[in-house]
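**Student:** Quick one: structure below, then a few questions.
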Amino acid sequence: MSPQELKTRIASGLLSFPVTHFNADFSLNLPSYQKHVSWLSGYEAAALFAAGGTGELFSLTPQEIGDVTRAAKEAAGSMPIISGCGYGTELAKDIARRAEEAGADGLLLLPHYLMEVPQEGIYQHIKAVCDSTGLGVIIYNRANSVATADTVARLADACPNLVGFKDGTGKTELVRHITAKLGDRLSYIGGMPTHELFAQGFKGLGLSTYSSAVFNFVPELALRFYKALNANDEATMAQILDSFFFPFADIRDREKGYAVSIIKAGVELIGHTPGPVRAPLTDLKPQEKDMLKALIARAGS
């Protein structure tokens, strides 16, 4: 998929990021992962992110990221697969190369490792990764890597294959500055944890789509909310938020890191075998899984 094709595709519908499946010994369980990706690909998503944040990119080796991306491409049919990418510049370039070799349709560039850095450093890092690949690149503003509108504009001028901007900061004034300054040069994606809780407000800032974590295990519900958002169906959104997303967030917020762990638990509860999360994350406790199970049952009814 060319960068421009990727840009058009990611703006066309809901996005999601499958969890990475592990065996009990924490090794990759690619057959189980492929079964899950194949199932998700039967729904109306615009693209799936392999080895993204919810896919535990931070606990995978570069080789594993390539293996997961290749496995996703084999299982996804015509569904585009965007590979996660991150860490320091040289490591990110290596991951980008492995993802491209694995057949990825694009890259989601997560924050660089650890350090707080100036805008020039963010610019040089993102530009180096874009320059290292022919794939379309989406940058993810989050945590210690928050590019200003001027930096994003410089990158858009310097990097023809930079096609997307994803926000995980929740900084409304920054998001609006970027969407106003860049216009249709980029496609814009909402990336707050459980973004459905923020989707109505961020749609007004120019973020017409977003990545849904719960699509992993309640894809019909995720799509119903997305369609209600785009139809300005306030009543349906309010009903889904009240019956599912608010109680879901209550469980998610019981421990740090549960934004990933609760998704993997949900996938298990609907009959897939995603296995445990890798350290330093921890799995939901049995009583918390029971709470989530009841919530999924209510969502299904």
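**Student:** How much of the DSSP beta bridge set in the chain is antiparallel, as a percent to the nearest 5?
**Tutor:** Details: 2 of 28 bridges.
Beta bridges within the chain, antiparallel portion: roughly 5 percent.
**Student:** Residue by residue, what Karplus-based ³J(HN,Hα) values in Hz, rounded to whole numbers, does the range 168-179 have, using 6.51, -1.76 and 1.60 with θ = phi - 60° and x for Gly and Pro?
**Tutor:** Residue by residue, the range 168-179 yields x, 8, x, 7, 4, 5, 5, 4, 5, 4, 5, 5 Hz.
**Student:** Hey, of (1) 39, 19, 17; (2) 28, 23, 18; (3) 25, 23, 19, which did the structure itself give for semi-axes √(5λ) of the Cα gyration tensor in Å when calculated?
**Tutor:** Step by step, semi-axes √(5λ) of the Cα gyration tensor in Å for this structure corresponds to label (2).
**Student:** Then there is this: Within the set of other residues whose C-beta is less than 14 Å from the C-beta of Ala238, count the net charge using Lys and Arg as +1 and Asp and Glu as -1. Don't skip to the answer; put the middle values down first.
**Tutor:** On the way: positive: Arg224; negative: Glu196, Asp233, Glu234, Asp242.
Result for the local shell: -3.
**Student:** Same structure again: Where both partners of a DSSP beta bridge lie in the range 38-171, what percent of those bridges are antiparallel, to the nearest 5? All intermediate terms of the calculation are to be shown ahead of the outcome.
**Tutor:** On the way: 1 of 17 bridges.
Of all bridge pairs located within the range 38-171, approximately 5 percent are antiparallel.
**Student:** Moving on to the next point. Under 1.5 on a/c is rounded, so check that first for the range 188-245, then, if it is not, pick prolate when a/b is larger than b/c and oblate when it is not; a ≥ b ≥ c are the square roots of the alpha carbon gyration tensor eigenvalues. Intermediate results must be reported in sequence, preceding the final value.
**Tutor:** Details: a/c = 1.65, a/b = 1.15, b/c = 1.43.
In terms of gyration-tensor shape, oblate.
**Student:** Let me ask you something else. On a straight-distance basis, which aspartates and glutamates could pair with Lys7 in a cross-link, Cα separation under 18 angstrom, same-chain partners fewer than 8 positions away excluded?
**Tutor:** Answer for Lys7, where 18 Å is the Cα cut-off: Glu44, Glu100, Asp105, Asp131, Asp157, Asp167, Asp184, listed by chain and number.
**Student:** Follow-up question, since we're still on this one. Whole number in Å², please: accessible area per residue of the chain, 1.4 Å probe, ligands, DNA and RNA not counted. Spell out each step's value before the answer.
**Tutor:** Numbers: 11900 Å² over 301 residues.
Accessible surface, normalised per residue, equals 40 Å².
**Student:** Find the cysteines in the chain that fail to meet the 4.7 Å Cβ criterion with every other cysteine, and list them.
**Tutor:** Cys85
**Student:** Rounded to the nearest 0.05, what FRET efficiency do Thr172 and Ala143 have when you use their Cβ-Cβ distance and R0 = 22 Å?
**Tutor:** Values: r = 17 Å, r/R0 = 0.79.
Result of the calculation: an efficiency of 0.80.
**Student:** Next question. Enumerate the calculated ³J(HN,Hα) couplings along the range 146-153 in order (Karplus 6.51 cos²θ - 1.76 cosθ + 1.60, θ = phi - 60°), each rounded to whole Hz, writing x wherever the residue is Gly or Pro.
**Tutor:** Going residue by residue, I get 10, 7, 6, 4, 5, 5, 4, 5 Hz, with x marking Gly and Pro.
**Student:** With each run of n ≥ 4 DSSP H residues scored as -39500 (n - 2.57), what mean residue ellipticity at 222 nm is computed for the chain after dividing by its residue count and rounding to the nearest 500 deg cm²/dmol?
**Tutor:** On the way: 13 runs with 138 residues, N = 301.
Counting only the DSSP helices, I get -13500 deg cm²/dmol.
**Student:** Counting only residues 5 or more places away or on other chains, whose amide H sits under 5 Å from the amide H of Ala50 once H atoms are built in the peptide plane?
**Tutor:** Residues meeting the criterion, in which the H sits 1.01 Å from N, are Ile82, Ser83, Gly84.
**Student:** Now a separate question. Once you have a ≥ b ≥ c as the square roots of the Cα gyration tensor eigenvalues for the range 95-224, tell me rounded if a/c is under 1.5, and otherwise prolate or oblate according to whether a/b is larger than b/c. Don't jump to the answer; show the numbers that get you there.
**Tutor:** Numbers: a/c = 1.69, a/b = 1.23, b/c = 1.37.
Note, shape of the range 95-224 comes out oblate.
**Student:** Let me ask you something else. For Leu162, what residues show an amide H to amide H distance below 5 Å, using hydrogens built from the backbone and excluding near sequence neighbours?
**Tutor:** Val137
**Student:** Now for a different question. For Asp25 and Ala128 in the same chain, what is the full-extension length gain: residue separation times 0.36 nm, less their Cα-Cα distance, in nm?
**Tutor:** Working: separation 103, 0.36 × 103 = 37.08 nm, distance 3.58 nm.
Taking 0.36 nm per residue and subtracting the Cα distance, the gain is 33.5 nm.
**Student:** Next question, about the same structure. Restricting to the range 106-177, compute how many DSSP beta bridges are antiparallel as a %, nearest 5. Intermediate results must be reported in sequence, preceding the final value.
**Tutor:** Numbers: 1 of 10 bridges.
Around 10 percent of the beta bridges assigned by DSSP in the range 106-177 are antiparallel ones.
**Student:** While we're here: Quick one: Karplus J couplings for the range 68-77, per residue in order, coefficients 6.51, -1.76, 1.60, θ = phi - 60°, nearest Hz, x for Gly and Pro?
**Tutor:** After applying 6.51 cos²θ - 1.76 cosθ + 1.60, I find 5, 4, 5, 5, 5, 4, 5, 9, 8, x Hz.
**Student:** What pairs in Lys203/Lys264; Lys166/Lys264; Lys181/Lys256 have C-alpha atoms more than 31 Å from each other? Write down the numbers at each step before the final one.
**Tutor:** Numbers: Lys203/Lys264 27 Å; Lys166/Lys264 22 Å; Lys181/Lys256 35 Å.
Table pairs above 31 Å Cα-Cα are Lys181/Lys256.
**Student:** Kindly state, to the nearest 0.05, the FRET efficiency for Ala297 paired with Glu74, given R0 = 51 Å and r defined as their beta-carbon distance.
**Tutor:** On the way: r = 33 Å, r/R0 = 0.64.
Approximately 0.95, to the nearest 0.05.
**Student:** Related question: Need one number: nm distance between label points at Lys285 and Lys35, each 7 Å from Cα along Cα→Cβ, rounded to one decimal.
**Tutor:** 3.0
**Student:** Gaussian network model of the chain, Cα springs within a sub-10 Å range: biggest mean-square fluctuation belongs to which of Pro274, Pro247, Pro80?
**Tutor:** Among Pro274, Pro247, Pro80, the largest mean-square fluctuation in the Gaussian network model of the chain belongs to Pro247.
**Student:** May I pose another question? Aspartates and glutamates near Lys289 by alpha-carbon distance under 18 Å, same-chain residues fewer than 8 away left out - which ones?
**Tutor:** Partners within reach: Asp250, Asp253, Glu255, Glu268.
**Student:** Return the whole-Å distance between the Cα centroid of the range 101-179 and the Cα centroid of the range 207-259.
**Tutor:** So the two Cα centres are separated by 26 Å.
**Student:** Right, another one. Run the accessible area of the chain with a 1.4 Å probe and give the carbon-and-sulfur part as a rounded percent. Please list the in-between numbers first.
**Tutor:** Working: 6380 of 11900 Å².
The computed percentage sits at 54.
**Student:** Taking the Cα centre as origin and putting +1 on Lys and Arg beta-carbons and -1 on Asp and Glu beta-carbons, what dipole magnitude results for the chain, to the nearest 20 debye? Write down the numbers at each step before the final one.
**Tutor:** On the way: 28 positive and 32 negative charges, 40 e Å.
Using Cβ point charges on Lys, Arg, Asp and Glu, the chain gives about 200 debye.
**Student:** Please check: in the Gaussian network model of the chain (C-alpha springs, under 10 Å), which one of Ile270, Ile82, Ile65 has the largest mean-square fluctuation.
**Tutor:** Ile270
**Student:** Net charge around Glu90, counting only other residues with Cβ within less than 15 Å of its Cβ (Lys, Arg = +1; Asp, Glu = -1)? Mind dumping the intermediate values first?
**Tutor:** Details: positive: Lys93, Arg97, Arg98, Lys127; negative: Asp94, Asp131.
Local charge sum for Glu90: +2.
The values are calculated or read from the model by the stated rules, or taken from the named source; none is laboratory data. Fair warning: this is a prediction, and the values are worked out from it, not measured in the lab. Heads up, the Cβs are rebuilt from the backbone with ideal geometry, glycines too, and the neighbour counts pull from every protein chain shown. Surface areas here come from the heavy atoms of the whole protein model, side chains and all, with no ligands, DNA or RNA. Shrake-Rupley method; radii C 1.70, N 1.55, O 1.52, S 1.80 Å.
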